[in-house]
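Single-structure report; data block below.
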Amino acid sequence: MSRLSKVAIRDLEFRKRYPDTAEHRLKSGTRSGYETLLKILMVALFLPQGFSFLAGNVRLTVARALLIILSVAAIAKPSDRRNSHSSAFVPSDLFALMAGGWMILAGTIMSGISIGIKSGGVSALEFTGTYYVFRRLLGPVDSSVRVIRFSCSLMVFVVALALLDPLSGRMVIRDLSNSLGVYVVPYVLDSSSYFRNGLVRAVGPMEHSILFASACAWFAILTPAVFKSRFFSAIVIGVMTIGIWFSQARGPLLALLIAMSLAMFNSVTHQFPARWKSLGTVAMLGIGFICVYSQSPLATLMKYSLVDDETRWYREAIWQTAGPLVLESPLFGLGVDSGWDWQSHDVLAGSSVDAFWLKSAMDFGIPGSVLVFLTIVGAFFVGAINKSSCLSEDERRLSVALGFVTTTVVFLGFTVDLWGTCWILTAAFAGIRASLVEIVILGNRAAKLEVG
């Protein structure tokens, strides 16, 4: 009997006996109240900043308030698995915990106890807290799929609101939320952050056009995995692409093109098991060659992207100026949201750091930035899970799409900063992937016990 036949027989027996297969979860599981709360959290992520409120000297958004409540629920929630081995370790679990602890530690050491606990604690809540909320509170079969499907539909509504900005020539949602007087977010409309090429950039209820475009790209990538109708998926992706275009943010548009290319590559080479290792090796060798032989590696890499010359050289100037400052304090960085000597470079016009990985290293040191990276990618260390019988068909598709999203997160981290909504979303995607991985690990563990 061939090895493939043995695996098929084992899989069939496993499906009959083990209670955590996708089929059993589908028959016995009911939608949990936590799933509804996660959807509410997704809505809260896209509320305008004007809906924030002050608790002492800490600004609490609705999302942060919900995260506090849901984090407590995630910690207190008992495992709902039925077999004796009720939980599984995923590498990102440890990295997320270490990242949150390091954020508070680095902030305290560099900025003092009060600022460190306040700013570092908020960062840890938004990142580590979000990760564990989605890691622990997703319920029965296709729970993660339904949350993402809801979020993709929600994003269509966000795009519609954002398009009011370029159509009306003003920031409609920002002005509306500021008029409430709860928390006013000042802005200068004619600055390049909000106005470019004769049009107001699409922002809508989000903090910045870059964040709006990045969210559009991520949910456009996830759309085909969670909607079975190709026609409807195409419409949603088209809406997201329009949103990216009117945001005038070229980095997220390039990220979407990269993800689409990866999806096509995956479809064409699905019978080649080592396709991702081969592609990754080629990409790393190419990047390594550019880093070694180019005097301005980042600018060289961005030369072949959709980013204009002025923008890519500005990004290079940021790295040239802030990079040495990080190397002077590599362990704990410069302090959370601390000032830095951007005036020393005559090209720079402000203190904004348009590079997520660099900004993380400035706030929390190189170890903090590395731990954030490892949290985002850690759930992929166990390998592919898209053929596991423990997952439903939709969950398997989602697991692949999350890989594409994670690739774009890593890419965008070198060219734009990700904070607020997108900072939280990166942790949410990591938590969802880890939740799917745990289901597969528990299934494989049970299958081994059955065979044994």
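The values are calculated or read from the model by the stated rules, or taken from the named source; none is laboratory data. This one's a predicted model, so the numbers in the text were calculated from it and none came from an experiment. Note: ideal-geometry Cβ built from the backbone for every residue, glycine included; neighbour counts use all protein chains shown.
Any residue at all in segment 357-376 that is out of contact with any Asp or Glu (no Cβ under 8 Å at 6 or more places or on another chain) and of a type in the set (D, E, K, R)?
Scanning segment 357-376 turns up no residue that is out of contact with any Asp or Glu (no Cβ under 8 Å at 6 or more places or on another chain) and of a type in the set (D, E, K, R).
In segment 318-341, which residues are of a type outside the set (Val, Ile, Thr), under 26 Å from the mean Cα position of the chain (by Cα) and buried (at least 16 other Cβ atoms within 10 Å of the Cβ)?
Selection gives Trp319, Ala322, Phe332, Gly333, Leu334, Gly335, Ser338.
If we keep just the residues of segment 221-238 that are without any contact (Cβ under 8 Å) to a residue 40 or more places away in the chain and not in a loop (DSSP other than H, G, I, E, B), which is surrounded by the most Cβ atoms within 10 Å (Cβ to Cβ)?
Ile237
If I go through segment 239-257 residue by residue, how many of them are among the hydrophobic types (A, V, I, L, M, F, W, C), crowded, with 24+ Cβ neighbours inside 10 Å and within 13 Å of Phe411 (Cα to Cα)?
1
Please indicate, with yes or no, whether at least one residue in segment 111-118 is surrounded by fewer than 21 Cβ atoms within 10 Å (Cβ to Cβ) and modelled with pLDDT of 90 or more.
No, the conditions are met nowhere in segment 111-118.
Yes or no: Phe272 more than 19 Å from Val405 (Cα to Cα) and surrounded by 14 or more Cβ atoms within 10 Å (Cβ to Cβ)?
When the stated conditions are applied, Phe272 does not pass them.
Consider segment 100-128. How many of its residues are without any contact (Cβ under 8 Å) to a residue 40 or more places away in the chain and either hydrophobic (A, V, I, L, M, F, W, C) or in contact with a strand residue (DSSP E or B) (Cβ under 8 Å, 6 or more places away or on another chain) (or both)?
The qualifying residues number 4.
In segment 111-135, how many residues are basic (Lys, Arg) and more than 25 Å from Ala220 (Cα to Cα)?
Total meeting the criteria: 1.
It is to be established whether one or more residues within segment 113-121 are part of a helix (DSSP H, G or I) and within 16 Å of the chain's Cα centre (by Cα).
For segment 113-121, residues part of a helix (DSSP H, G or I) and within 16 Å of the chain's Cα centre (by Cα): absent.
Can you report the number of residues in segment 347-367 which are crowded, with 24+ Cβ neighbours inside 10 Å and either at pLDDT 95 or above or among the polar types (S, T, N, Q) (or both)?
The qualifying residues number 1.
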